[in-house]
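Quick notes on the structure that follows.
The values are calculated or read from the model by the stated rules, or taken from the named source; none is laboratory data. The model shown is predicted, which means the values in this text are computed figures rather than measured ones. All Cβ positions, even for glycine, are placed from backbone atoms using ideal geometry, and neighbour counts span all protein chains on display. With ligands, DNA and RNA removed, areas are computed over all heavy atoms of the protein, side chains included. Shrake-Rupley method; radii C 1.70, N 1.55, O 1.52, S 1.80 Å.
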Amino acid sequence: MNVYLLLVVQLALLIEAQASIEEGQSLENYLWEQTNEIRQQALNASLIYGMKEECLDPSEFGGYMVDDTVYCYEGSKSLKIAGQRSGDNVTLQNFLELESLSWFGYWEWLNEIWHIDNPEGVRLGEEASAYMNHIRNVAENEMPVYTILALTPCARLWPWLGQQLGSGTNNFGLYTSWVETNLDPGNTGYMEYQEHVQWAYEEGLVTVERALEIYTTSMQFEVEFFNSVERCEPSQCNS
């Protein structure tokens, strides 16, 4: 999907989102509910569908993983930028810096597998590049806590996908190990992100409207990134 068309879709979703936050409901849970339709799209996106049907071309998977490895590298940089802009909020600054180190650790781990000497030299796919640019734009121009919010859809979506797919129970052929490791239904790391976002919301540092816009964009980019691989059909592997 063209990036400009993506923005049109995003705005349409925002217009449709008329429900207000219920009393006692967290901001992140509200955002999660408002993006339910996009979550369903993610469940049927090419990467996830290909793993479920065991027909994903390993070359397509490899291309996705190279982009995802760079995504971790760039995500680490974006978290560091947001942390440096946190001013006197030591708690937020420390969390962002620790997350930056954690994401850099993901980059180093994946780099051992995919042998990327220079991330700047990778010719990224359009979808991955646009997603990284979105996160970087938030890190450089929004309140620092919005960077955490922008990364929350990824952190919460992947365990949810694993739950829907039966990660840890079902067989995904060549991709079973990857699904069990990356789409682990028991992963609750997003909850720590949620706590920081909720605190900022209650302090008046985050607005529902801007949060929904950023969250929706990130969730849509998750779908676009999954769809960056060529869609397969089960018959391609069974013939």
Q.
Per residue, how large is the accessible surface of the chain? Use a 1.4 angstrom probe and give square angstrom.
A. 49 Å²
**Q.** Given (i) 14.5; (ii) 12.3; (iii) 13.3, the label whose value is mean projected area of the Cα convex hull in nm² derived from this model
**A.** (iii)
Q) Of P144, P119, P58, which is the most mobile in a GNM of the chain whose springs link Cα atoms less than 10 angstrom apart? A) P58
Q | Helix 208-226 axis, angle to the chain major axis (alpha carbon atoms, nearest 10°) | A | 10 degrees
Q. Cα axis of helix 58-84 to longest principal axis of the chain: angle in degrees, 0 to 90, nearest 10?
A. 10 degrees
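Take the Cβ-Cβ distance between M191 and S235 as r, set R0 to 30 Å, and report the resulting FRET efficiency rounded to the nearest 0.05. Intermediate values should be presented prior to the final figure.
On the way: r = 41 Å, r/R0 = 1.36.
For R0 = 30 Å, the calculated efficiency reads 0.15.
In whole percent, what relative contact order does the chain give with Cα contacts below 8 Å and a gap of six or more residues? Working shown, then result.
Values: 269 pairs, mean separation 81.9, N = 239.
About 34 percent, as a whole number.
Pairs of Cα atoms under 8 Å, at least six residues apart: use those to get the relative contact order of the range 72-116, whole percent.
Details: 37 pairs, mean separation 20.6, N = 45.
Averaging sequence separation for qualifying contacts and normalising by length gives 46 percent for the range 72-116.
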Q.
Compute a Gaussian network model of the chain, connecting alpha carbons closer than 10 Å, and tell me which residue from E23, E192, E202 fluctuates the most.
A. E23
Q: Would you mind checking the tilt of helix 90-114 against the longest principal axis of the Cα atoms of the chain, expressed as 0 to 90 degrees and rounded to 10?
A: 10 degrees
Q: Could I have the simple spin-label model distance between E54 and S102, label points 7 Å from Cα toward Cβ, reported in nm to one decimal?
A: 3.4 nm
(Q) Using the Kirkwood formula on the Cα atoms of the range 121-167, what hydrodynamic radius do you get, in angstrom to one decimal? (A) 12.3 Å
(Q) With every atom except the alpha carbons ignored, what do you get for Rg and Dmax of the range 175-239, in angstroms? (A) 17.7, 59
Q) Carbon and sulfur: what percent of the chain's accessible surface (1.4 Å probe)? A) 47 percent
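Which value in deg cm²/dmol, rounded to the nearest 500, describes the helix-derived mean residue ellipticity at 222 nm for the chain, given -39,500 (n - 2.57) per DSSP H run of n ≥ 4 and division by the residue count? All intermediate terms of the calculation are to be shown ahead of the outcome.
Working: 12 runs with 169 residues, N = 239.
Value at 222 nm, helices only, nearest 500: -23000 deg cm²/dmol.
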Q | Pairwise centroid distance, computed over Cα atoms, of the range 18-50 with the range 112-148, Å | A | 22 Å
Q: Kindly state, to the nearest 0.05, the FRET efficiency for E202 paired with N137, given R0 = 22 Å and r defined as their beta-carbon distance.
A: 0.30
Q.
I'd like the per residue volume of the convex hull spanned by the Cα atoms of the range 116-239, given in cubic angstrom.
A. 146 Å³
